[in-house]
Amino acid sequence: MLDDIVSEVTEKAPKLFEEATQIAEDLGKPKPRKADFDRFGIAVFTRDGALVKAGNAGTGFPIQSISKVFALEVALEALGESLWKRVGREPSGDAFNSIIDLERQKGIPRNPFINSGALVVVDALLDVDQDPNGCVMRFVEHHLDGEKASYDKDVMESDRTGGNLNRSLMFMAKHHGNLKHEVAEVMEAYVHQCAITLDCAGLAKAGRFLMHERPDERSERPYGDARRGRRVLSIMMMCGMYDGSGDFSYRVGLPAKSGVGGGILAIAPHTASIAAWSPALDPMGNSWLGVLGLELLAKRTDWSVFGRT
Ligand code: GLN
């Protein structure tokens, strides 16, 4: 089935490239690259332990904002519900790196999946982890069955040099008393987590904990962990695709998180952890072909959380 999805995505890619070119022209932005619409991978890890993959599922990419899901899980496990005093749980409707809302909200970011929220989560993690630069990496590798992930050093460097907007978000939060550590320290941990590199197969594996099998005799997952996973999924559903979250929910119906590396992690609760990747990004920063591939998968499997059709 995944091969059919890759064929269908490949067939539809030229039309999306045209659409993307038109949008870029209208917005006065640089033209998208045709070659970015030629690469697409997808991998599915099912609850019974099968891993299926197709297309460029073995190509590594920086997970970027998908790391915000892992960081949130680690922070919630360490800090519990008190984390929500510092960050909200509402969709933002603004760009992922917008500062406007942070000022309005007096330094309390709308949710942990926009940049301001993720930076506050990293600040919170600095209180609980000896090695905050590596704590998200350790969490990811724990779920890779002994495989190692790497950091993309170039991405880390360009996120450092191009990170002034992220620094501004932190100064705004600090001004309102919602950032305890030094901006440079938080930045360093943040650029590390964004630069973690996985392929679709690795990302689907790393996302397995969110399938959160019910805590019964078949599952090793304790009740508290399963409940936390369910809550993380609810935030992915509302906020995981930035200001494209509503459209994604309408078309796909699965909780998901995207990153500007072109990856998307989507979860079919109790059923599958799914990763899709393609580098061309739509105006919201979500992968054009990744969203399309997941839409086709949800249609074929009937995995939408809103029920079967
Ligand atoms: N490193 C990127 C940034 O902070 C991550 C954003 C993203 O993936 N949407 O701007």
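The values are calculated or read from the model by the stated rules, or taken from the named source; none is laboratory data. Computed from a prediction, not measured in an experiment: that's the story for all the values here. Ideal geometry is used to build each Cβ from the backbone, glycine not excepted, and the neighbour counts take in all protein chains shown.
Structure above, values below:
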{"quantity": "Selection count where residues are modelled with pLDDT of 95 or more and more than 10 Å from the chain's Cα centre (by Cα), scope region 226-238", "calculated": "6"}
{"quantity": "Hits in region 82-100 - residues which are outside any loop (DSSP other than H, G, I, E, B) and at pLDDT 95 or above", "calculated": "SER82, LEU83, TRP84, LYS85"}
{"quantity": "Given (1) closer than 30 Å to LEU126 by Cα; (2) among the acidic types (Asp, Glu); (3) under 22 Å from the mean Cα position of the chain (by Cα), index of the condition GLU103 fails", "calculated": "(3)"}
{"quantity": "Selection status of ARG104, more than 16 Å from the ligand (Cβ to nearest atom), over 13 Å from HIS192 (Cβ atoms), at pLDDT 95 or above and basic (Lys, Arg)", "calculated": "no"}
{"quantity": "First in region 204-230 and more than 18 Å from THR46 (Cα to Cα) and in a helix (DSSP H, G or I), second anywhere and at pLDDT 75 or above and hydrophobic (A, V, I, L, M, F, W, C), Cβ under 8 Å, 6 or more apart", "calculated": "ASP225/PHE209; ARG228/LEU76"}
{"quantity": "Pairs where the first residue, in region 171-191, is more than 12 Å from ALA118 (Cα to Cα) and at pLDDT 95 or above and the second is within 16 Å of the ligand (Cβ to nearest atom) and charged (D, E, K, R), C-beta under 6 Å, 6+ apart", "calculated": "LYS180/ASP123; HIS181/ASP123; VAL183/ARG167"}
{"quantity": "Within region 159-216, considering residues that are basic (Lys, Arg) and over 20 Å from LEU125 (Cα atoms), the one farthest from the ligand (Cβ to nearest atom)", "calculated": "ARG214"}
{"quantity": "Residues of region 23-64 classified as assigned to a loop (DSSP other than H, G, I, E, B) and among the acidic types (Asp, Glu), total", "calculated": "2"}
{"quantity": "Selection within region 1-37 - under 30 Å from PRO269 (Cα atoms) and of a type outside the set (A, V, I, L, M)", "calculated": "ASP3, ASP4, SER7, GLU8, THR10, GLU11, LYS12, PHE37"}
{"quantity": "Filter result (within 11 Å of the chain's Cα centre (by Cα) and within 12 Å of the ligand (Cβ to nearest atom)) within region 240-264", "calculated": "GLY240, MET241, TYR242, LYS257, SER258, GLY259, VAL260, GLY261, GLY262, GLY263, ILE264"}
{"quantity": "Selected residue (criterion: nearest to ASP247 (Cα to Cα)) from residues of region 68-97 that are within 16 Å of the ligand (Cβ to nearest atom) and surrounded by fewer than 19 Cβ atoms within 10 Å (Cβ to Cβ)", "calculated": "GLY93"}
